[in-house]
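Here the structure is laid out as structure tokens; the discussion comes afterwards.
We did not get these values from a lab; they are worked out from the coordinates using the rules stated. Fair warning: this is a prediction, and the values are worked out from it, not measured in the lab. Methodologically, a virtual Cβ is constructed for each residue, glycine included, from the backbone with ideal geometry; neighbour enumeration extends over all protein chains shown.
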């Protein structure tokens, strides 16, 4: 039995004792379920090779069990079932899924599989073996390389990553049998990498489930609360939807369509994300569901016309939101998604999104590029988009960031970007992320064009290269051979392709300048007969406050550091002082301060941090055994996680902090489960208050805080305009509960419409 960071007890699943015969029946039943689903699909029926792969996997994994105690073979069967039923792939992928752990976990080789099942299945299993054990290993140095392997396999056969997604989904579904420390790490990397990857591949259903399962293990209390609130509001929601859908159904019936109309409730993670972003409680989330209409259409050519006919009928019934119509039929998303979205005012006075799709579009939306096998799309638009995206990924892989986290962030720019569509002067369509600039467009078209971009013409109007583009813009890129790439361009590049190409250009430019600096320095040495060259370098480093020799050469090459007689007039004593200072700087940078070592109490097992025990965060006489992360400002009562930095300090982040998510996905071995001890300290937090301005409201707010709640105010800023006011309030509190109580009491003040904790 284990407790996680919030004190929630998790029991490892104790398998019910079964006889060998009962286990065999259970395994055979699971395989029969897999076959039944495959036989019900429209794939060519190749049952014989699937049965052969099943028997081979059974023999290979004989006697091996999962952590939960069940026979290991149930895992590959479950992965194959997901591959078949939920992603929609055929016999080759099913066989590869059944065999995906054979090479990794047994004595069989890829050559053995090739001789038994052919080259294609063996290649897919080999690709899966290369990325086994999850994206990330235990060491930061190998994380980026493992992720590169994962992405490189996509260019050879995308079925590798689709099967890997199924493998991760089943692991997440059975995560309850893992230790809490493992749950944190696996949930973290799933939310950070796998969910966005599923989104980019168009696997919407899998992406949603991965997000929900990750959230369930990271915030168990909040997950259960929101899930219960969704269930409690179901009856009322059904009544409203029935009233909303009845007149639409009547119109669709009159059109003679065969269709299905149902309400799709937002996922728990999606609702929580909106509550966090908008700073509102569950009761104020009004778009809990979207209506979806899926119609039968044997002739693909009629799909677009029928979608717009349905759109017309709905807008005759309900008022349309003018800014929330999305035509993903004429211009599909880069992941192949097609649908027509509109938002109308429902009978209860709330906006309702309606998604209109054909059955083909619906399957493409749920299964993404995997549905191409079913519909046999060869060189269609979606595959072109996929190939373009994969080429961008390969370009990043060929010029990777040396830092694993920076590399992953660059990749994520391409995974989870909202899209806009712009046009070249010749009318060619270009898909870019939202907030892309003219410079992004330039780099997207060609590296040389980006490096020499000076401005752009958007809709025939001259704009700067930092100008943000909008969907529908016609963009012409203006260049000059005298222009060179600049470091500050990173501030307005949002595409991974643009950032990668700029980084390469800057490295080339920097190398030319460093070589020039080296020539100048060598000439200076020769002209002055200097033998102890490092002495000069060290003097420049100290005087100019630079990092290393490369920085010196760069500054010399630019002409920002001038080599002259002043460097030769340093006395021997000054040189000694310089070396003394350098030694002290070096020693202080490597060795943590003594007091830092004494306040950090981290247990280790065989030299490694013991992540199985809960780290208690406490403070005594003003000395704490932790540091608060400035990026999210956690306080007692928040769900937090501890990260052991290079100085053996425990840095505390909120679980929902984006930086914590990055750390969880990359440094699982440094993360500690944490809980707050009883605190006597107070913490500074900022509360944002909004409302309708009236005489005396500020006095009531101050009275509520200082007198009624006895909370210490440190700073108060307030501004009013057009009858509305906004205030930022810095107060000292003991924990998150005190902040929540404060916000609740403030919202009770007449005129206050919102009071939320804000980042300082």
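A few remarks follow.
- Packing here is the average count of other Cβ atoms within 10 Å per residue, and on that basis the peptides 216-226, 277-287, 97-107, 293-303, highest first, run 97-107, 216-226, 293-303, 277-287.
- Treating each Cα of region 683-758 as an identical point scatterer and summing with the Debye formula, the log10 of I(q)/I(0) at q = 0.13, 0.25 Å⁻¹ comes to -0.32, -1.24.
- Two-site FRET efficiency, residue 695 against residue 233, from Cβ-Cβ distance with R₀ of 41 Å, rounded to 0.05: 0.60
- FRET efficiency, 1/(1 + (r/R0)^6) with R0 30 Å, evaluated for residue 284 and residue 315 via beta carbons: 0.65
- Burial ranking of peptide ranges 462-468, 77-83 (average Cβ count within 10 Å, highest at the top): 77-83, 462-468
- Across region 449-480, no residue has a backbone nitrogen under 13 Å from the label position 7 Å along the beta-carbon direction of residue 326.
- Each label was represented as a point 7 Å from its Cα along the Cα-to-Cβ direction; for residue 423 and residue 296 these points are 3.9 nm apart.
- Note on residue 110 and residue 33: the model spin-label points, each 7 Å out from Cα along the C-beta direction, lie 3.3 nm apart.
- Per-bin percent of Cα-Cα distances, region 227-376 [5 Å]: 2, 8, 17, 20, 19, 16, 11, 5, 1, 0
- Placing R0 at 30 angstrom, the Cβ-Cβ distance between residue 470 and residue 277 gives a FRET efficiency of 0.85 after rounding to 0.05.
- Given their separation in residues at 0.36 nm each and the Cα-Cα distance between them, residue 221 and residue 753 gain 188.8 nm when the chain is fully extended.
- The stretch between residue 491 and residue 40 holds 157.1 nm of extra length on full extension. This uses 0.36 nm per residue minus the Cα-Cα distance.
- Residue ranges 520-527, 500-507 sort as 500-507, 520-527 when ordered by packing (mean number of other C-beta atoms within 10 Å per residue, highest first).
- Length gained on full extension, residue 702 to residue 516: 60.6 nm, using 0.36 nm per residue less the C-alpha separation.
- Sorted by Cβ density within 10 Å, fewest first, the residues 449, 178, 441: 449, 178, 441
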